[in-house]
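Before we start, here is the structure in question, set down as structure tokens.
The values are calculated or read from the model by the stated rules, or taken from the named source; none is laboratory data. Because the structure is a prediction, the values reported are computed rather than measured. A quick note on method: Cβ atoms are made from the backbone with ideal geometry, for glycine too, and the neighbour counts reach across all protein chains shown. Accessible surface is based on the protein model in full, side chains and every heavy atom, while ligands, DNA and RNA are left aside. Shrake-Rupley method; radii C 1.70, N 1.55, O 1.52, S 1.80 Å.
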Amino acid sequence: MIRLACDYQEGCHPKILERMVQTNLESTVGYGFDPYCESAKAKIKQACGTPNAEVYLLVGGTQTNSTVIRAILRPCEGVIAVTTGHVNGHEAGAIEFGGHKVLTLPSHDGKMNAQELDRYITGTFADSSWEHGVIPAMVYISQSTETGSVYSLSELEAIAAVAHKHGMPLFIDGARLGYGLASEGCDVTLKDVARVADVFYIGGTKVGALLGEAVVFTNTRYAKNFFTIMK
């Protein structure tokens, strides 16, 4: 039986296991400073066309979402996502446990609408009592989405424009980024994702790796103290 779920169903690509056996007894430094991690980071920067980006390697999607959001937001701030967004519905309250409310917008087949996002942010700050509530301070989307839909380049650019208009970072959950980039009709490249997002990650766990997600900060001001927070 073929199970069309995700790569969690299996271990990893056989070539990865072969390399792990070959390097298993090598002694290297930890915390991502070994030559293999450094080589991976350099390759990711090159593939993204972002030589000045900061890259960090984490374990899984939920941990990555939680860590990135916690690193960027202040305690009084929340993250905007659609109702079907992973941070809202499938991460066991990890974001709220870290002290940040998920502020939800309607989902349109898993996608966020840029105009609705703009109206929500504008309306929030038009309220004279906005300082008494959770302050929206980050925009979160998934590519591909939790329903299997894929944002077009124009949709991503529109959402990024709204986020940046209001001084907020755009965070793209890339746990399924490989699926999205390889899907039929997708007009988005990895370099496009790196260009529109302030921070995103390249998911490995669901596309053949044994584990791991690579967080890419293209806007490095949001990466301040990220290594310490990641620990």
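Between Glu116 and Cys76, with labels modelled 7 Å along Cα→Cβ, what's the label distance in nm to one decimal, could you check?
It works out to 2.8 nm between the two label points.
Whole-Hz ³J(HN,Hα) for each residue in segment 124-136, computed from phi via Karplus 6.51 cos²θ - 1.76 cosθ + 1.60 with θ = phi - 60°, x for glycine and proline: what do you get?
4, 7, 7, 6, 5, 9, 4, 5, 8, x, 5, 8, x
Right, here's the next one. Could you run the Karplus curve 6.51 cos²θ - 1.76 cosθ + 1.60 with θ = phi - 60° over segment 139-144 and give me ³J(HN,Hα) per residue in whole Hz, x for Gly and Pro?
Once rounded to whole Hz, the list reads 10, 10, 9, 10, 9, 6.
If you don't mind, another one. Over the chain, give the accessible area per residue in Å² for a 1.4 Å probe, as an integer.
Ligands and nucleic acids excluded, the figure is 53 Å² per residue.
Moving on to the next point. Would you mind finding the longest exposed-site-free stretch of the chain, with exposed GluC sites (Glu not before Pro) meaning DSSP loop and at most 16 other Cβ atoms within 10 Å?
Result, exposed sites excluded: 27-183.
Ranked by accessible surface with a 1.4 Å probe, highest first, in what order do Arg74, Arg19 come?
Working: Arg74 160, Arg19 120 Å².
Sorted descending by solvent-accessible area, the residues read Arg74, Arg19.
Is segment 75-134 rounded, prolate or oblate when judged by the Cα gyration tensor, a ≥ b ≥ c being the square roots of its eigenvalues, rounded requiring a/c under 1.5 and prolate requiring a/b larger than b/c?
Judged from the Cα gyration tensor, segment 75-134 comes out oblate (a/c at least 1.5, b/c at or above a/b).
Let me ask another. Among rounded, prolate and oblate, which fits segment 108-231 when a ≥ b ≥ c are the square roots of the eigenvalues of its C-alpha gyration tensor, a/c under 1.5 means rounded, and a/b larger than b/c means prolate?
Cα axes put segment 108-231 in the oblate bin.
For Val21 and Ala182, what is the calculated FRET efficiency with R₀ set at 30 Å and r taken between the beta-carbons, to the nearest 0.05?
With R0 = 30 Å, the Cβ-Cβ based efficiency is 0.60.
Can you give me the % of accessible surface on the chain that is carbon or sulfur? Probe 1.4 Å, all protein chains present, nothing else counted.
54
Per-residue ellipticity at 222 nm for the chain, helices alone: DSSP H runs ≥ 4 residues times -39500 (n - 2.57), over residue total, nearest 500 deg cm²/dmol?
That calculation yields -10500 deg cm²/dmol at 222 nm.
Something else now. Using +1 at the Cβ of each Lys and Arg and -1 at the Cβ of each Asp and Glu in segment 135-231, identify which of Val150, Ile202, Ala182 lies farthest towards the dipole's positive end.
Going by the charge dipole, the pick is Ile202.
In addition: Under the definition of Cα pairs under 8 Å and six or more residues apart, what whole-number percent is the relative contact order of the chain?
Once divided by the residue count of the chain, the mean separation gives 25 percent.
Taking DSSP loops as anything outside H, G, I, E and B, show the longest stretch in the chain free of chymotrypsin sites (Phe, Trp or Tyr not before Pro) there with at most 13 other beta carbons within 10 Å. Could the numbers behind the result be given before it?
On the way: sites that count: Tyr31, Phe33.
My reading of the result: 34-231 is the longest stretch.
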